[in-house]
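J.: Can you read through this structure? Questions will come right after.
Please treat every number below as a calculation from the coordinates, not as lab data. Because the structure is a prediction, the values reported are computed rather than measured. No Cβ is skipped: glycine too gets one built from the backbone with ideal geometry, and neighbour counts run over all protein chains shown.
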Amino acid sequence: MESIQNNMLPQHLQMNETERKLLAEEEKKYGTKLMEMPKDQKYGMCFACGEENPVGLHLHFFWIPNGVMAFFTPKPEHQSYNGRMHGGLITVLLDEIMGNYLFKKEGVPAYTARIDLRFRTPVQIGTTIRCEGHEVKRKGRLVVMEGVIINPDGTVAAEATSTLMLEK
Ligand SMILES: CCCCCCCCCCCCCC(=O)SCCNC(=O)CCNC(=O)[C@H](O)C(C)(C)COP(=O)(O)OP(=O)(O)OC[C@H]1O[C@@H](n2cnc3c(N)ncnc32)[C@H](O)[C@@H]1OP(=O)(O)O
């Protein structure tokens, strides 16, 4: 399912070869094909996932049991200190993975009201990182989510807890 969709996309929107290989490994681990979350035309300019945003990150999200997963390979334009991914963009990845999951699950926008984030180890430019998000608890329209970014060597690059408000 994913590979057909991926191949149909223009090159700049496609997942790269490493990301596809890692996705296949995750599918093997879960013992099933992982479904990609459909894009939403209404939000085509979203910086993190929108296909129409020329400077966007063009993320692809996949449902995993009780959560969501995405891969990202930072390019030279995503760095802060030489060779190191910018922390603000790491925050974007975590914010997006948690918010997008809720948006898709609930069918209404989820606005980040708070995000607490810990940068644990650097993300190197050109490496492929795995981002995951899971729901922790909810009270009314307020939902607490957790997100994590894992480096290729298995170390945690960053982790976050966020509180999101679902639209009425
Ligand atoms: C593949 C998919 C494609 C589609 C992709 C689409 C894009 C998806 C992208 C998604 C990813 C990107 C996502 C983004 O980046 S969203 C963009 C960044 N975030 C925002 O812009 C949000 C800005 N803030 C607001 O709009 C409002 O403050 C919100 C809506 C959050 C609440 O305003 P509202 O007017 O409704 O409520 P209130 O302020 O009167 O508060 C009411 C009560 O709620 C409780 N409460 C409130 N906050 C917190 C808190 N932090 N912790 C604990 N409790 C909290 C508290 O009890 C409070 O009462 P009090 O104690 O104050 O009396």
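J.: Rank the residues Arg141, Arg20 as a footprinting-exposure proxy: fewest other Cβ atoms within 10 Å of their Cβ go first.
T.: Values: Arg141 14, Arg20 17.
Ordered by Cβ neighbours within 10 Å, fewest first: Arg141, Arg20.
J.: Roughly speaking, what is the centre-to-centre gap between the range 9-48 and the range 106-168 when only Cα atoms are used, to the nearest Å?
T.: Centre-to-centre (Cα) distance: 18 Å.
J.: For the chain, which span is the longest to avoid every loop-located (per DSSP) member of chymotrypsin sites (Phe, Trp or Tyr not before Pro) having at most 15 other Cβ atoms inside 10 Å?
T.: Details: sites that count: Phe47, Tyr81.
Counting only loop sites that pass the neighbour cut-off, the longest clear stretch is 82-168.
J.: Within 10 Å of each residue's Cβ, count the other Cβ atoms and sort Glu51, Glu106 from fewest upward.
T.: Glu106, Glu51
J.: Let me ask something else about it. Need the full-extension length gain, Glu106 to Lys21, defined as separation in residues times 0.36 nm minus the C-alpha distance. One decimal, nm.
T.: 27.6 nm
J.: Next question, about the same structure. Express in nm, to one decimal, how much length is gained between Leu13 and Asp153 on full extension, taking 0.36 nm for each residue of separation and deducting their alpha carbon distance.
T.: Contour length minus the Cα-Cα distance gives 47.8 nm.
J.: Kindly flag which residue pairs out of Lys42/Lys137; Lys33/Lys75; Lys33/Lys105; Lys39/Lys75 have an alpha-carbon separation exceeding 25 Å in this structure. Working shown, then result.
T.: Values: Lys42/Lys137 28 Å; Lys33/Lys75 28 Å; Lys33/Lys105 19 Å; Lys39/Lys75 23 Å.
Going by Cα-Cα distance, Lys42/Lys137; Lys33/Lys75 fall outside the 25 Å limit.
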